[in-house]
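**Q** Below is a structure I'd like to ask you about.
The values are calculated or read from the model by the stated rules, or taken from the named source; none is laboratory data. Fair warning: this is a prediction, and the values are worked out from it, not measured in the lab. Cβ sites come from the backbone with ideal geometry, for glycine too, and all protein chains shown count toward neighbours.
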Amino acid sequence: MVEIRLGGSMLISLVICTRNRCASLRRCLEYIQRLESPGEWELVVVDNGSTDGTSELLGSFAEEAPFRMVVVREPKSGLGRARNAGIAKASGEILAFTDDDCYVSPDFLKQIVKVFQDERIGYMGGRVLLYDKTDTPQTIRTETQIRIIEPHSYVRPGELQGANMAARSSLISEIGATIEIPATILGGAGDDGLHRLLRVLLAVNQRAVEIEEHRAHPGHASG
């Protein structure tokens, strides 16, 4: 099998933020273990001030993980702050994100890497499907149509979801290390985050894309 490389030694970092959701995280990590390697990759988990058994779970998982794992402690709560902490410690050329209650498909990382072989793509999102069909259909995306979002284009609220998204690390750097990236810019709704995303796409003249070839399955509705 040929590995896909974009140039650097660490190809992709998968970032997950968590806070007091040990049971959900445990199941999420079981699916992370099943990921097919796209090349050099790492898992970055941000413990956002958990007071349950999250710290112990991460410690034991890191000891057994067959891939590089970085555990980041961010005591101040807030998803935007937690994601920034994870980004700061991630070393991949591509930064991928999912949630602590999601079950990723085995080819999740490989499909993301394939998208970024197109140098025009700077940011992407994918489908998010319910694992439990009886669960509340919140923060999901079921569309199968591929949509290219050109620079200067309008991005609809909720069009990119944090449970299944990725960006080039160079694109994130364009935002500026001194700007706290809100939860909205890295996957969700909200005018502030969308406007920031539009400014980034405009500045670097790169496309965003939504694809359906890979997906993350929420174990239950995100809170």
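**Q** Being modelled with pLDDT of 95 or more and in contact with a Leu (Cβ under 8 Å, 6 or more places away or on another chain) is the requirement here; does residue 54 meet it? Give the derivation first.
**A** Values: modelled with pLDDT of 95 or more: yes; in contact with a Leu (Cβ under 8 Å, 6 or more places away or on another chain): yes.
In short, yes.
Listed here are the residues, each with its yes/no results for (1) part of a strand (DSSP E or B); (2) over 13 Å from residue 20 (Cβ atoms); (3) among the basic types (Lys, Arg).
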site	(1), (2), (3)
36	no, yes, no
43	yes, yes, no
55	no, no, no
66	no, yes, no
86	no, yes, no
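**Q** Is one or more of the residues making up the range 54-62 of a type outside the set (Gly, Ala, Ser) and either within 24 Å of residue 160 (Cα to Cα) or in contact (Cβ under 8 Å) with a residue 40 or more places away in the chain (or both)? Outline the logic, then answer.
**A** Applying the first criterion (of a type outside the set (Gly, Ala, Ser)) to the range 54-62 yields 54, 56-58, 61.
Filter once more, keeping what is either within 24 Å of residue 160 (Cα to Cα) or in contact (Cβ under 8 Å) with a residue 40 or more places away in the chain (or both): none.
Within the range 54-62, none of the residues are of a type outside the set (Gly, Ala, Ser) and either within 24 Å of residue 160 (Cα to Cα) or in contact (Cβ under 8 Å) with a residue 40 or more places away in the chain (or both).
**Q** Out of the residues in the range 73-87 that are hydrophobic (A, V, I, L, M, F, W, C) and more than 13 Å from residue 43 (Cα to Cα), state the one that is surrounded by the fewest Cβ atoms within 10 Å (Cβ to Cβ).
**A** The extreme case among them is 79.
**Q** With 77, 60, 91, 55 as the choices, which residue is small (Gly, Ala, Ser) and within 20 Å of residue 31 (Cβ to Cβ)?
**A** Numbers: 77 fails: within 20 Å of residue 31 (Cβ to Cβ); 91 fails: within 20 Å of residue 31 (Cβ to Cβ); 55 fails: within 20 Å of residue 31 (Cβ to Cβ).
After applying the criteria, what remains is 60.
**Q** If a residue must be at pLDDT below 95 and within 13 Å of residue 47 (Cα to Cα), how many such residues does the range 63-72 contain?
**A** Of the residues in the range 63-72, 0 are at pLDDT below 95 and within 13 Å of residue 47 (Cα to Cα).
**Q** Take residue 110 and tell me if it is among the basic types (Lys, Arg), outside any strand (DSSP E or B) and either over 14 Å from the mean Cα position of the chain (by Cα) or at pLDDT below 90 (or both). It would help to see each step written out before you state the result.
**A** Values: among the basic types (Lys, Arg): yes; outside any strand (DSSP E or B): yes; either over 14 Å from the mean Cα position of the chain (by Cα) or at pLDDT below 90 (or both): no.
No, not satisfied.
**Q** Output yes when any residue across the range 13-31 is part of a strand (DSSP E or B) and of a type in the set (Gly, Ala, Ser), and no when none is.
**A** Residues of the range 13-31 that are part of a strand (DSSP E or B), as a first pass: 13-18.
Restricting the remaining residues to those that are of a type in the set (Gly, Ala, Ser) gives 13.
Within the range 13-31 (the criterion being part of a strand (DSSP E or B) and of a type in the set (Gly, Ala, Ser)), the answer is yes, since at least one residue qualifies.
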